[in-house]
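Contents: one structure, followed by commentary.
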Amino acid sequence: MNSFEEGRRSALARHLHASWPHCAHVDSRWQAGGIEELVPGFQVRCIAPSDASEPWVYMSLGASIIGGDSHEFALLSPVEYPRHVETLTMLAHWQAASRTADVGSVLELGWPWMEGGEAEHLLITPLYAYPPEYGTFRDGAQEVDILWVVPVHAGEVAYMRRRGMQKLEERFEKRGVNLLDPRRESVLGSLPAS
């Protein structure tokens, strides 16, 4: 690992400890796949909630070291769920392989984001779940965004592609959707995705 990579990870670690100071922080690696070749030293930090009403936070550590416009990613979960380490590793690999991983991008998992759920897609959004200062950190002169990875249904993705992300977010707000509920139904109900 070079000094830039070490510096970026240190800046992010300081930011995470400042944002979640009273929580346990544990770093993990997903051993399968080729992430080490694309993002050397990549890890996922699991931040346990200090209060049972708060979510578990899974945060990429190092996804932003590849490319000038790369980001880090946060996946929020109602429970501890080790497979989220694999999910964020896959997303970091996706970004490092020069695929678009900006706000509005969608990653198809091919499996439910959590056991018992139906949402198999991840929509990348700003980190709306927390105050704005949680969603960026500084590494020297560079400001790096932390984006939220939100589980969504295939029909919601189709709707968003036709009508726009803002329209989908308005549906979430109107229905008061708990985006962390693995068993939540699509906000479209039985409506077509158009």
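The sole residue among 185, 169 that is of a type in the set (Asp, Glu), outside any loop (DSSP other than H, G, I, E, B) and within 27 Å of residue 84 (Cβ to Cβ) is 169.
Residue pairs whose Cβ atoms lie under 7 Å apart, sitting 6 or more positions apart in sequence or on different chains, and linking a residue in the stretch 36-53 that is within 16 Å of residue 70 (Cβ to Cβ) to a partner that is among the aromatic types (Phe, Trp, Tyr) and crowded, with 21+ Cβ neighbours inside 10 Å, are 44/58. Only strands (runs of 3 or more DSSP E) whose full extent lies in the stretch 92-152 are considered here, and the ones with at least 3 residues that are at pLDDT 90 or above are 106-108, 121-126, 142-152. Residues that are out of contact with any strand residue (DSSP E or B) (no Cβ under 7 Å at 6 or more places or on another chain), aliphatic (A, V, I, L, M) and open to solvent by less than 50 Å² (accessible area, probe 1.4 Å) do occur in the stretch 36-50, at least one of them. Scanning the stretch 119-146 for residues that are touching a strand residue (DSSP E or B) at 6+ places or on another chain (Cβ under 9 Å), open to solvent by 10 Å² or more (accessible area, probe 1.4 Å) and touching a residue at least 24 places away in the same chain (Cβ under 8 Å) returns 120, 121, 127, 129, 130, 134, 138, 145. Going through (1) in contact with a helix residue (DSSP H, G or I) (Cβ under 7 Å, 6 or more places away or on another chain); (2) polar (S, T, N, Q); (3) open to solvent by less than 20 Å² (accessible area, probe 1.4 Å) one by one, residue 105 falls short only on (1).
Taken together, the residues in the stretch 1-43 that are in a loop (DSSP other than H, G, I, E, B) and either modelled with pLDDT of 80 or more or in contact with a Gly (Cβ under 6 Å, 6 or more places away or on another chain) (or both) amount to 12.
The values are calculated or read from the model by the stated rules, or taken from the named source; none is laboratory data. The model shown is predicted, which means the values in this text are computed figures rather than measured ones. Positions of Cβ are generated from backbone atoms using ideal geometry, with glycine treated the same way; all protein chains shown enter the neighbour counts. Surface areas here come from the heavy atoms of the whole protein model, side chains and all, with no ligands, DNA or RNA. Shrake-Rupley method; radii C 1.70, N 1.55, O 1.52, S 1.80 Å.
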